[in-house]
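Asker: If you scroll down you'll find the structure; I have some questions about it.
The values are calculated or read from the model by the stated rules, or taken from the named source; none is laboratory data. None of the values given here were measured: they were computed from a predicted structure. Because the Cβ atoms are built from the backbone with ideal geometry, glycine has one as well, and the counts that use them run over all protein chains shown. Only protein heavy atoms, including side chains, enter the accessible area calculation; ligands, DNA and RNA are left aside. Shrake-Rupley method; radii C 1.70, N 1.55, O 1.52, S 1.80 Å.
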Amino acid sequence: MINDLRFAFRMLVKYPAFSIVAFLALVLGIGANTTVFGIINALLLRPLPVGHSKEVVKVFTTDNHIKGNQSTSCLNFQDYANQNTAFSSMAAYTFAGMGMSRGTDTLNVTGLLVSGNYFDLLQVKPALGRTFLAEEDSTPNGHPVVVLGYKFWRKLGADPTIVGNQVTLNGHSFTVIGIAPAAFTGVDVGFSPDLWVPISMHQWVRPGGDFWFEERRALLLSVVGRLKPGVTISEAQAQMRTIAKQLEQAYPDVNKERSIALMSLEAAKSQALGGPNNEDLARNVSLLLVAASASILLIACANVANLLLARSTARQREMAVRLALGAGRGRIVRQLLTESILLGLIGGIGGVVLAYCLGDVLVALLPPLPFPIDLNPQPDWRVLSFSCVVAILSGVMFGLAPALQMARWNLTEGLRERASTGGGAVTRLNLRSLLVVAQIAVSLLLLIGSGLFLKSFHKAQAIDPGFRIENLDLVTINPVLAGYDSDRGLQVVRAIADQIRHDPRVAGADLNNWVPLFGGEGRTVVIEGRDLTDQHNRKFANYSPITPGYFQTMGIQLLRGRNFNEHDAEKNAAPVAIIDETMANEFWPNEDALGHRFRFLVFKTPIEVIGIARNSKAVTLGEISTPMVYRPLNEVTDTGITLFVHTTGAPGVMLSEIRQIIRAVDVHIPITYEKTIRDHMAIALWPSWMGAMLLGSLGLLAFILASMGVYGVMAYSVSQRTRELGIRMALGAQTGQVIQLVLRQGMFLAAIGLGFGLLAAFGSTRLAGSLLYGVNPSDPFIFVGVTSLLALAALAACYFPARRTLKINPVVALRTE
């Protein structure tokens with residue numbers, strides 16, 4: 001084997017042009033697969049840094065009136081934890097934004113409020129110091145302690161003496177007791193908390209949010225549990241559903257038709273990436289990317305196989321001599337496979353290097369988000385093992401057919417003086433032709449898929465979100481984190497909005513607790529006087545508190561009824577609401593919703609509908625419309641509030657001015673988010689854009705490799721047919737006739753490949769229909785356009801080798817070699 005490897009290396013050096021071209025093709029093919037697998041590994045496959053993670057499950061609330069799995073209320077969690085016997089322990093956590101005061105400025109941080117047993121349940125040991133004790137989550141506001149995330153600790157300077165010292169969060173002093181390990185970021189993939197605080201400190205961390213922790217209806221906490229030895233997920237789920245049924249009977253007003261669902265951490269990651277309304281999205285996207293990258297690898301392997309078949313002509317005499325000296329055909333195959341596998345491994349090394357570079361590029365392309373993220377698609381041992389296997393399999397794939405073909409050559413023919421034109425030429429040409437057909441078919445399939453996703457991204461950009469998409473800035477601030485209570489916070493925010501309105505460059509400035517396309521608060525709506533079991537009752541609706549000028553500032557049309565006025569926001573005013581078209585149609589079909597009354601399930605006060613507004617997108621651009629309730633803004637919560645500023649000129653210019661106004665009012669008020677509406681929508685479009693770019697890049701790569709394959713086989717064909725073409729020209733054939741002969745051969749192969757590719761595309765693109773925004777999976781423009789483009793590329797790849805026939809001298813071509 002060592003001798004085989006040494007000889008294989010010498011052969012790569014002997015043919016540098018072949019080695020370089022084959023190496024580059026393999027780097028692209030293996031690099032694309034390694035990069036895609038690195039993304040899937042980072043998001044789905046890489047295990048969370050949790051001790052005995054297979055024993056840990058996520059616990060979700062299910063509600064017949066809300067699609068998808070939901071969080072759990074604090075009071076229900078306590079009952080589940082106390083009454084079950086399936087778990088050794090259960091822990092809960094919830095996200096919380098905080099303001100960390102440092103000098104004269106306030107740093108926005110995002111952390112988790114966690115139960116005292118959170119780290120113990122997950123079996124996570126700190127890098128420095130300690131984690132929480134059970135008693136530190138027993139007394140409200142009794143233990144102001146905090147564990148810092150490793151990345152956040154490094155951001156603060158990585159001072160080990162910070163353990164035991166104080167930090168200021170929301171104006172309160174907390175003691176740092178530990179630093180989390182570098183690999184630990186919790187159990188939610190992609191999110192990297194800055195710090196962890198006991199739930200008992202929620203009044204300091206989320207001032208004014210007591211309601212959510214004391215209301216059994218409020219779905220606030222994410223819950224994890226560690227199964228006892230020998231207990232399966234299905235057994236634990238059966239017991240938890242029994243407890244849920246008991247809670248439904250004990251508290252029918254809030255727990256009606258609610259139950260429990262358990263899920264492994266791995267399955268929960270897929271659901272989280274897919275979103276609450278499409279749990280299969282992550283799996284479908286992963287399969288799509290794997291199929292696309294595998295197609296690239298197949299095309300690259302076909303290219304290298306064609307190169308090996310072309311090189312086999314030069315080595316025919318060598319193989320004949322080996323056979324004549326007694327080498328068995330199996331020995332010949334082993335030597336040739338050793339050469340191809342060595343080439344594959346070298347290409348694999350280059351592919352891993354390319355994947356490292358592309359990993360950095362992908363991270364750099366992530367949009368700026370208002371919360372810390374943790375995504376590392378660069379190769380780890382799993383990805384390196386995958387690359388090694390792919391490299392070896394690639395070597396076998398592109399090396400086996402040429403090796404077997406060379407081993408079958410006729411010894412006598414191989415030793416003839418003109419062996420290069422002898423036996424097996426037709427067979428080699430047929431095999432090379434089949435490889436080109438396969439390349440074109442796979443390339444067409446991948447290019448059509450890329451075209452559909454690129455068009456989908458273009459369509460997504462053109463989707464009407466239902467609100468203004470020009471000349472609009474949005475800035476989110478959180479006065480609660482600066483120590484303001486709800487009333488004082490509302491006063492200061494209104495004062496800031498008034499100052500902004502006085503600027504001549506501002507056409508309107510208004511407030512909303514809800515940031516469109518970013519998610520927000522949802523509540524269950526009950527229609528007054530209607531049975532709870534009615535199909536048009538007790539449904540989920542988004543909740544959006546606004547100021548009276550919000551609709552005008554956002555460009556949302558008020559279809560019927562009246563707008564809010566300043567009196568509607570007063571504490572003693574009659575409760576009123578404006579709803580959107582979707583809510584009007586779902587709750588009052590075939591009726592006029594104006595004047596009807598409803599209430600939120602967690603409240604008893606009825607609310608009158610005074611207006612109906614046009615639908616607008618709430619969470620995603622491609623969503624099915626969800627009912628929306630607009631209410632007059634009369635409080636500021638711990639989640640902050642957003643200023644929407646309609647400018648008369650170009651957006652973005654006012655952002656610095658808005659920042660100065662806020663800082664002039666109070667330098668400690670944190671600005672948690674600031675964007676123009678276009679930049680904000682780019683975040684919502686990012687998954688579609690990234691998918692389009694990845695598939696588009698893979699499609700372009702397939703296009704290039706397929707064109708190279710056609711060119712290579714036609715160039716080889718012309719070189720092999722030099723004598724034949726010389727004879728034709730000597731007998732009077734015109735140059736155009738000879739070129740036409742060569743083009744006919746190449747385009748015949750291309751036509752077969754395009755035919756197979758179209759059949760495959762018609763059958764497979766329908767599977768990706770759920771991932772496309774407003775695009776027909778059989779879009780005729782994409783199918784015809786891409787097919788024509790690839791046909792033109794094939795024609796060009798055939799034409800340039802065909803032109804070489806113009807340089808053929810019949811006398812030289814007929815001369816005996």
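Asker: If you go through region 483-497 one residue at a time, how many are within 15 Å of ILE661 (Cβ to Cβ) and either assigned to a loop (DSSP other than H, G, I, E, B) or open to solvent by less than 30 Å² (accessible area, probe 1.4 Å) (or both)?
Answerer: Looking only at that region, the number is 4.
Asker: Do you know which residues across region 102-137 are assigned to a strand (DSSP E or B) and among the β-branched types (Val, Ile, Thr)?
Answerer: Filtering region 102-137 down to residues assigned to a strand (DSSP E or B) leaves 102, 105-114, 128-129.
Scanning region 102-137 gives THR106, VAL109, THR110, VAL114.
Asker: What are the residues in region 333-353 that are open to solvent by 20 Å² or more (accessible area, probe 1.4 Å) and in contact with a Pro (Cβ under 9 Å, 6 or more places away or on another chain), if any?
Answerer: VAL352 - this is the single residue of region 333-353 that is open to solvent by 20 Å² or more (accessible area, probe 1.4 Å) and in contact with a Pro (Cβ under 9 Å, 6 or more places away or on another chain).
Asker: Pull up region 672-693, narrow it to residues that are modelled with pLDDT of 85 or more and assigned to a helix (DSSP H, G or I), then point me to the one that is surrounded by the fewest Cβ atoms within 10 Å (Cβ to Cβ).
Answerer: Restricting to residues being modelled with pLDDT of 85 or more and assigned to a helix (DSSP H, G or I), the top hit is ARG678.
Asker: Anything in region 595-611 that is surrounded by fewer than 22 Cβ atoms within 10 Å (Cβ to Cβ) and either assigned to a strand (DSSP E or B) or touching an Asp or Glu at 6+ places or on another chain (Cβ under 9 Å) (or both)? List them, or say none. Break it down stepwise before answering.
Answerer: First pass over region 595-611, keeping only residues surrounded by fewer than 22 Cβ atoms within 10 Å (Cβ to Cβ): 595-597, 599-608, 610-611.
Across region 595-611, the qualifying residues are GLY595, HIS596, ARG597, ARG599, PHE600, LEU601, VAL602, PRO606, ILE607, GLU608, ILE610, GLY611.
Asker: Same structure, new question: Being in contact with a Pro (Cβ under 9 Å, 6 or more places away or on another chain), open to solvent by 10 Å² or more (accessible area, probe 1.4 Å), at pLDDT 75 or above and within 22 Å of SER19 (Cα to Cα) is true for just one of LEU297, LEU308. Which residue is that? I'd like the intermediate steps shown before the answer.
Answerer: Values: LEU297 fails: in contact with a Pro (Cβ under 9 Å, 6 or more places away or on another chain).
From the options LEU297, LEU308, the qualifying one is LEU308.
Asker: Write out, first by first residue and then by second, each pair whose Cβ atoms fall under 6 Å of each other, whose residues are 6+ apart or on separate chains, and whose first residue, in region 337-358, is farther than 16 Å from VAL36 by Cβ while the second is hydrophobic (A, V, I, L, M, F, W, C) and open to solvent by 60 Å² or more (accessible area, probe 1.4 Å).
Answerer: ILE341/ILE392; GLY347/PHE23
Asker: What are the residue pairs meeting all of these: first residue in region 602-613, first residue farther than 17 Å from THR582 by Cα, second residue open to solvent by 10 Å² or more (accessible area, probe 1.4 Å) and hydroxyl-bearing (Ser, Thr, Tyr), Cβ atoms under 6 Å, and 6 or more apart or on different chains?
Answerer: none
Asker: Let me ask something else about it. What is the number of the single condition among (1) at pLDDT below 90; (2) under 31 Å from the mean Cα position of the chain (by Cα) that ILE669 does not meet?
Answerer: Every listed condition holds for ILE669 apart from (2).
Asker: Related question: May I ask you to list pairs of residues, at least six apart or on different chains, whose Cβ atoms are under 6 Å apart, with the first in region 553-580 being free of Cβ contacts under 8 Å to residues at least 24 places away in the same chain and the second being surrounded by 15 or more Cβ atoms within 10 Å (Cβ to Cβ)?
Answerer: Listed by first residue and then by second, the contacts come to ASN565/PRO548.
Asker: Please give the number of the condition ASN41 fails out of (1) open to solvent by less than 40 Å² (accessible area, probe 1.4 Å); (2) in a helix (DSSP H, G or I); (3) more than 30 Å from MET397 (Cβ to Cβ); (4) of a type in the set (S, T, N, Q).
Answerer: Checking ASN41 against (1) open to solvent by less than 40 Å² (accessible area, probe 1.4 Å); (2) in a helix (DSSP H, G or I); (3) more than 30 Å from MET397 (Cβ to Cβ); (4) of a type in the set (S, T, N, Q), the one that fails is (3).
Asker: Please go through region 296-335 and pick out each residue that is outside any helix (DSSP H, G or I) and farther than 19 Å from TYR15 by Cα.
Answerer: Of all residues in region 296-335, those outside any helix (DSSP H, G or I) come to 315, 325-328.
If the condition is that a residue be outside any helix (DSSP H, G or I) and farther than 19 Å from TYR15 by Cα, then LEU325, GLY326, ALA327, GLY328 are the ones that fit.
Asker: Take region 7-22 and flag every residue that is under 16 Å from GLY347 (Cβ atoms), part of a helix (DSSP H, G or I), open to solvent by 30 Å² or more (accessible area, probe 1.4 Å) and in contact (Cβ under 8 Å) with a residue 24 or more places away in the chain.
Answerer: PHE9, VAL21
Asker: Right, here's the next one. Within region 208-244, take every residue that is among the charged types (D, E, K, R) and closer than 25 Å to GLU635 by Cβ and give me the one that is modelled with the lowest pLDDT. I'd like the intermediate steps shown before the answer.
Answerer: We begin by selecting, within region 208-244, every residue among the charged types (D, E, K, R); these are 210, 214-217, 226, 228, 235, 241.
Remaining after also requiring closer than 25 Å to GLU635 by Cβ: 210, 214-217.
Working: ASP210: 63, GLU214: 81, GLU215: 82, ARG216: 85, ARG217: 81.
Checking each candidate, the answer is ASP210.
Asker: Among the listed residues GLY164, GLY186, identify the single one that is on the phi > 0 side of the Ramachandran plot and either outside any loop (DSSP other than H, G, I, E, B) or without any contact (Cβ under 8 Å) to a residue 60 or more places away in the chain (or both). Can you show your working first?
Answerer: Details: GLY186 fails: either outside any loop (DSSP other than H, G, I, E, B) or without any contact (Cβ under 8 Å) to a residue 60 or more places away in the chain (or both).
That would be GLY164, the only listed residue that is on the phi > 0 side of the Ramachandran plot and either outside any loop (DSSP other than H, G, I, E, B) or without any contact (Cβ under 8 Å) to a residue 60 or more places away in the chain (or both).
Asker: Return a yes/no flag: does region 519-534 have any residue that is assigned to a helix (DSSP H, G or I), open to solvent by less than 30 Å² (accessible area, probe 1.4 Å) and either in contact with a strand residue (DSSP E or B) (Cβ under 6 Å, 6 or more places away or on another chain) or hydroxyl-bearing (Ser, Thr, Tyr) (or both). Give the steps one after another, and end with the answer.
Answerer: Initially, region 519-534 is screened for residues assigned to a helix (DSSP H, G or I), giving none.
No, region 519-534 contains no residue that is assigned to a helix (DSSP H, G or I), open to solvent by less than 30 Å² (accessible area, probe 1.4 Å) and either in contact with a strand residue (DSSP E or B) (Cβ under 6 Å, 6 or more places away or on another chain) or hydroxyl-bearing (Ser, Thr, Tyr) (or both).
Asker: If I ask for residues that are under 25 Å from PRO465 (Cα atoms) and either touching a Gly at 6+ places or on another chain (Cβ under 6 Å) or part of a helix (DSSP H, G or I) (or both), which ones from region 565-588 would you list?
Answerer: If the condition is that a residue be under 25 Å from PRO465 (Cα atoms) and either touching a Gly at 6+ places or on another chain (Cβ under 6 Å) or part of a helix (DSSP H, G or I) (or both), then ILE578, GLU581, THR582, MET583, ALA584, ASN585, GLU586, PHE587 are the ones that fit.
Asker: Of all residues in region 244-262, how many are open to solvent by 40 Å² or more (accessible area, probe 1.4 Å) and touching a strand residue (DSSP E or B) at 6+ places or on another chain (Cβ under 8 Å)? Quick ask: steps written out before the conclusion?
Answerer: Restricting attention to region 244-262, the residues satisfying the condition of being open to solvent by 40 Å² or more (accessible area, probe 1.4 Å) are 245-246, 249-253, 256-257.
In the following step, the residues that additionally are touching a strand residue (DSSP E or B) at 6+ places or on another chain (Cβ under 8 Å) were identified as 245, 257.
Residues flagged as open to solvent by 40 Å² or more (accessible area, probe 1.4 Å) and touching a strand residue (DSSP E or B) at 6+ places or on another chain (Cβ under 8 Å) within region 244-262 amount to 2.
Asker: Determine, yes or no, whether LEU511 is part of a loop (DSSP other than H, G, I, E, B) and under 25 Å from VAL636 (Cβ atoms). Full working, then the answer.
Answerer: Values: part of a loop (DSSP other than H, G, I, E, B): no; under 25 Å from VAL636 (Cβ atoms): yes.
Taking the combined requirement at face value, the residue does not satisfy it.
Asker: So if I check each of GLY736, GLY696, GLY732, which one is open to solvent by less than 60 Å² (accessible area, probe 1.4 Å), in contact with a helix residue (DSSP H, G or I) (Cβ under 8 Å, 6 or more places away or on another chain) and not basic (Lys, Arg)? Talk me through it step by step, then tell me what you get.
Answerer: On the way: GLY736 fails: in contact with a helix residue (DSSP H, G or I) (Cβ under 8 Å, 6 or more places away or on another chain); GLY732 fails: in contact with a helix residue (DSSP H, G or I) (Cβ under 8 Å, 6 or more places away or on another chain).
Just one listed residue meets the conditions, GLY696.
Asker: Tell me whether region 123-137 contains one or more residues that are within 18 Å of VAL223 (Cβ to Cβ), aliphatic (A, V, I, L, M) and either open to solvent by less than 60 Å² (accessible area, probe 1.4 Å) or touching a residue at least 40 places away in the same chain (Cβ under 8 Å) (or both).
Answerer: Taking region 123-137 as the starting set, the residues that turn out to be within 18 Å of VAL223 (Cβ to Cβ) are 123-124, 132, 134, 137.
Next cut, aliphatic (A, V, I, L, M) only: 124, 134.
Subsequent filtering for residues that are either open to solvent by less than 60 Å² (accessible area, probe 1.4 Å) or touching a residue at least 40 places away in the same chain (Cβ under 8 Å) (or both) retains 124.
Scanning region 123-137, I find at least one residue that is within 18 Å of VAL223 (Cβ to Cβ), aliphatic (A, V, I, L, M) and either open to solvent by less than 60 Å² (accessible area, probe 1.4 Å) or touching a residue at least 40 places away in the same chain (Cβ under 8 Å) (or both), so the answer is yes.
Asker: How many residues are over 17 Å from PRO504 (Cβ atoms) and either at pLDDT below 90 or not in a helix (DSSP H, G or I) (or both) if we restrict to region 653-663?
Answerer: Taking region 653-663 first, the residues over 17 Å from PRO504 (Cβ atoms) are 659, 662-663.
Those still in the list that are either at pLDDT below 90 or not in a helix (DSSP H, G or I) (or both) too: 663.
So the count comes out to 1.
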